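Everything on this sheet refers to the single structure shown next.
Computed from the coordinates by the stated procedures, all read-outs in this text should not be read as laboratory data. It should be emphasised that the depicted structure is a prediction, and the values quoted were computed from it without experimental measurement. Virtual Cβ from ideal backbone geometry, glycine too; neighbours counted across all protein chains shown.
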Amino acid sequence: MNAPLPLNPFMPSPSRAPATPLATYRLQLRGDFGFDHALAQLDYFQRLGISHLYTSPISTARPGSTHGYDVIDPTRVNPELGGEDGLRRLVAGLRQRGMGLVIDHVPNHMAVGGIENPWWSDVLEWGARSPCAEYFDIDFDAVEPQLAGKLLAPFLGSSYGQALAAAELQLLFEAERGGFLIGYFDQRFPLDPLRLGVALRGAGEAGHEWAKNWAGRFDALARIDTIEAQRKAAAELRTQFAKDGTGLALPLVQAVLAAHDTREADGRARLHALLEMQHYRLADWRCAADEINWRRFFDINALAGLRVERPEVFEATHALLFRLYAQGLVDGVRIDHVDGLSDPADYCRLLRRRLDALAIRRPEGLENGRAWIVVEKILASRERLPQDWNVDGTTGYDFMNEVADLLHDPDGEAPLTAGWLRACAAPADVGDFATLARDARRKILAENFAAALDACASAFHDVALASLATRDITRHAIRRALVELIAYFPVYRSYFRASGGRDTDGSSLAEAWEGARRSLRSVDRPALDAVVAWIGEPFAHTDALRDRALRRFQQLTSPVAAKAVEDTALYRYGRLLSANTVGGDPTRFSLEPAEFHARVQTRQAEHPHALLATATHDHKRGEDARARLSVLSEIPQQALTILDEWVSLNSAARQLVNGRAVPSAASELMLYQTLVGSWPLTLAPDDVRGVRDYAFRILAWTEKAQREAKVHTDWFAPDIEYEAATRRFVESLLQPGGEFVRRVARVARDLAPAAAINGLTQTVLRCTLPGVPDLYQGTEYWDLSLVDPDNRRPVDYAARRQSLDALLAMPAAEAVRQALAGWREGHLKQWVIARLLDLRQREPALFGEGSYRPLEVVGPAAPHVLAFARCLGAQSVIVACARLPRRLAGMSDRPLIPPTAWAGSMLQLPEELAVTALASELDGMQLHPERGGLPFAALFDTLPVAVLRPVFNKKG
């Protein structure tokens, strides 16, 4: 048995953080906010009640990365963040405060292009013979003849011919990088050492003898028997060559470069001939969708999928994580995009086993307890995370959407739906979200994943050809069947394997099959039936063809769903934008309290330590922007009237571009909702600088939203004229002091009190329900952010420290009064978070293990309250939150509901919770139950949310 590791010199004796976080704080690390910047804020995070920092990826990313998911070296801590020394300083600070660290890990993909990524560079250099070739999902036997034995390198900004003719491609000599390289602006691509002789012989008479000598030495590499020996000899040869080329032979190197100078016709011909001999084919980035022969992360050419199911790849990509965990520097991990992996279940179980085995090696005081593991997994509304994955839960998209739906008034669904369809002049069978999502999947398959679809169809066609019974099923028929099957697929992906799948996998496949059969012509239905059988029926583990086809299919549905639903349909459908977020399903408009309770109980039974998030680095709009837009569901007719008035007011600003009105009706309505949701509470409409800064953010959002929608413009082929007209429209609207700006500010101000109640409700739920509450950076104040990069702006921690220190220095009742007086600043939300996270720190077992019991609410206002208790032995806490507050609060200028609105309504306390007094954790006041219950008028006297602890029981 391994003994615990000794403490490293950067760390004091550890003050043990809880193995399962009590509360996490998500930080987006980058060059201008690295480990030392986080270290400087630890006292604030601790006072806020955070037990664990939860960071974006920390391994080495592409230089200048603003998010860390573009990893180029997973074996080293990112030097731009402070390197491993900086990480150790941060962890030492965490341990001094009894805190821990959770990191984001990216097993699915790496950043690729030229030579920045050493594994990818090796593949470009050596092709299929590279030991790293199996790290990536590359098909060197591609159907396209020009890619036989090569990989497509779609990293040019124009066509290959244009780049060559414009002399943008050049032969370069960089000694520090081993000699000759291909240069394309700031990118560098390696050359096959076995082909360097060709370049050297192009030097002409000026470098004849020197070039002939070196060319012969490089040519000799081809006569070496094994790839290992070739690689070793090539490395030694290039080191010598680089040294020689910067010394006396420099003029000869220059002669070689001159001979390949693409500013001359002969040079272009020589360089082209050299490039044709490489293991890669440089191409326009637009070629990727149709011809790429390796799996990408979604449709991003700069991110290549990893084959982490291979043991050597798993070990190489997790070596840093395992070392940091064993050394006590990391306590938990978030797994990015788990559905991108070949077999998420096997991966998660293996990860758990490896981390469990390493626990004994951790420093004294840290060796007990299990690593906390959560996975980024989008669950459909009826889907549940498999328990046999052996992880602690998801990263919280499911919870985020459940809370959002809880805050929607079901009575608003019909009028808002009718208003949306009327405004867009769309019939119900075309304008509904499900239809839009299916159409988006077909579009994404055709335009973004055509090559991946072809590869999947070819894999199934190989299965068909292997049997006499199916060999007449054509590849094109299979392709058509796959398009419809994926279009109707109700979840991100299935988890079939040779032995079959879960019952839920079979149900999802059957649902997709039924939809596809309705869409396909009868002639293609046999192909569909065959494909469904090949996916869902068990097969021999030795059947490599079935295994490859299944893997291709299951790794295709997930990125198609992400790009079609999240990044297309959610930008086309604008009935109510608070429903449009990551993992959201706008077909489910609202969630009744009983269903919400049931989902909470299921999560607690299956994954009691799942992450609870309401804001993330990927959200479409901030948690409090969604809370504000949710209020519109309570006043649908008024909301539609306002939108109609704004459409009329701004009619003169719209323009015609090629006979089309700009912006479109759908885009205009979604713009107005975005303005209503994101208008800053403290921004005056005549604040010139403030409005202009805000307009800049909205313009960036508008460009992204329209390109993501892919209706009138897109990232692939932007319609510059359409986008310019949209920009002029937005600029004309957002004029400081203008009439429209004043109207937007007035509507936002009118909605703000009810929106703040919604915001407080989702905050309290996140902090008290079963699970681990997560606080995304800066969202302890009101979060009115937009989609990235807007939601990744720098956080003003000085202001947050100052307000928290001031509040904590006051008695609770006074702090609430002060926070309410200036509630628009966000201090009230910060106070609620700090108080509840402090409670979790004081009662970790109650919140980590306590039962969840829905409580009965009675009276005419009962639909406006969600209440429950957390109980563990003699310990308990009672939580009640207002919902659908607009009808009750009316036009209040503060986030409070008048006592008269609660008349005749109360919270019923069961016998086991009956006490003579309850103390409020938020304001310190005491409440005394009456006739076995608490009147809402008393419960919500000072705040629209309540968290209560018993003072003493009936027996005293």
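Along the Cα-to-Cβ line of LEU872, 7 Å from the Cα, sits a label point; which residues in the range 595-615 have backbone N less than 18 Å from it? Under 18 Å, as judged by backbone N against the label point of LEU872, lie 601, 603-612 of the range 595-615. With contacts defined as alpha carbon pairs under 8 Å and 6 or more residues apart, what's the relative contact order of the chain in percent? It comes to 11 percent, rounded to a whole number. Rounded to the nearest 10 degrees, the angle from helix 503-519 to the longest Cα principal axis of the chain is 70 degrees. Computed from the C-beta positions of ASN213 and GLU168 and an R0 of 22 Å, the FRET efficiency is 0.10 to the nearest 0.05. Subtracting the Cα-Cα distance of PHE696 and ARG422 from 0.36 nm times their residue separation leaves 95.6 nm of extension gain. Counting only DSSP H runs of at least 4 residues, each contributing -39500 (n - 2.57), and dividing by the residue count of the chain, the helix-based mean residue ellipticity at 222 nm comes to -13500 deg cm²/dmol. Evaluated at q = 0.10, 0.18, 0.19 Å⁻¹, the base-10 log of the normalised Debye intensity for the range 30-156, with identical point scatterers placed on the Cα atoms, takes the values -0.43, -0.93, -1.00.
In this structure, the amide hydrogen of TYR280, modeled 1.01 Å from its nitrogen in the peptide plane, lies closer than 5 angstrom to those of LEU151, counting only residues at least 5 positions away or on a different chain. Amide H to amide H distances under 5 Å link ALA61 with ILE72, where only residues 5 or more positions off or on other chains count and H is placed in the peptide plane. A crude spin-label estimate for the pair ALA809 and GLU912, with each label 7 Å from Cα along the Cβ direction, gives 4.5 nm. Lysine pair count for the chain with Cα-Cα distance under 15 Å and sequence separation of 8 or more or different chains is 7.
Length available on full extension from ASN658 to ARG349: 0.36 nm per residue minus the Cα-Cα distance, which gives 105.7 nm.
Taking amide H positions as modeled 1.01 Å from N, with prolines and chain starts lacking one, the residues under 5 Å from PHE297 and 5 or more places away or on another chain are LEU303, ALA304, GLY305. Of all DSSP beta bridges confined to the chain, the antiparallel ones make up roughly 65%. Note that the range 94-111 has calculated 3J(HN,Hα) couplings of 5, 5, 4, 9, x, 10, x, 9, 10, 10, 8, 10, 10, x, 8, 7, 9, 7 Hz, one per residue in order, obtained from phi through the Karplus relation 6.51 cos²θ - 1.76 cosθ + 1.60 (θ = phi - 60°); glycine and proline are x. Estimated from the Cβ-Cβ distance and a Förster radius of 22 angstrom, the FRET efficiency linking ARG323 and ARG370 is about 0.75. Between GLY68, ASN117, LEU171, whose Cα lies farthest towards the positive end of the dipole of the range 47-179 when Lys and Arg beta carbons carry +1 and Asp and Glu beta carbons carry -1, centred on the Cα centre? Of the listed residues, the answer is GLY68. Among 498-505, 31-38, sorting by the average number of other beta carbon atoms lying within 10 angstrom of each residue, highest first, gives 31-38, 498-505. Put simply, when 601-608, 701-708 are sorted by average Cβ atoms within 10 angstrom per residue, most first, you get 701-708, 601-608.
A simple count of charges around CYS287, restricted to other residues whose Cβ falls under 14 Å of its Cβ and scoring Lys, Arg +1 and Asp, Glu -1, yields -3.
With the simple spin-label model, which puts each label point 7 Å out from Cα in the Cβ direction, the GLU825 to ARG502 separation comes to 4.8 nm. Entry note, the range 556-649: relative contact order of 33 percent, from Cα contacts under 8 Å with a spacing of 6+ residues. Across the range 468-549, the relative contact order, built from alpha-carbon pairs under 8 Å that are at least six residues apart, equals 38 percent. Treating r as the C-beta distance of GLN926 and ALA414 and R0 as 56 Å, the FRET efficiency rounds to 0.80. The angle separating the long axis of helix 544-561 from the principal Cα axis of greatest extent in the chain is about 50 degrees. Using the Karplus relation 6.51 cos²θ - 1.76 cosθ + 1.60 with θ = phi - 60°, the per-residue 3J(HN,Hα) values for the range 135-143 come to 5, 10, 8, 10, 9, 6, 9, 4, 5 Hz, with x marking Gly and Pro. If you scale each eigenvalue of the Cα gyration tensor by 5 and take the root, what three semi-axes come out for the range 895-956, rounded to whole angstrom and sorted largest first? Equivalent-ellipsoid dimensions as semi-axes: 20, 14, 8 Å. Counting charges near PRO526 (Lys, Arg +1; Asp, Glu -1) among other residues having Cβ under 15 Å from its Cβ returns a value of +3. In sequence order, the range 478-484 has phi-based couplings of 4, 4, 4, 5, 5, 4, 6 Hz under the Karplus curve 6.51 cos²θ - 1.76 cosθ + 1.60, θ = phi - 60°, and Gly or Pro positions carry x. A cut-off under 9 angstrom between Cβ atoms defines the neighbours of PHE539, and their net charge, with Lys, Arg +1 and Asp, Glu -1, is -2. Between ARG793 and GLU276, the modelled label-to-label distance comes to 5.4 nm, taking each label 7 Å out from Cα in the direction of the beta carbon.
Helix 250-259 and the longest principal axis of the C-alpha atoms of the chain enclose an angle of approximately 90°.
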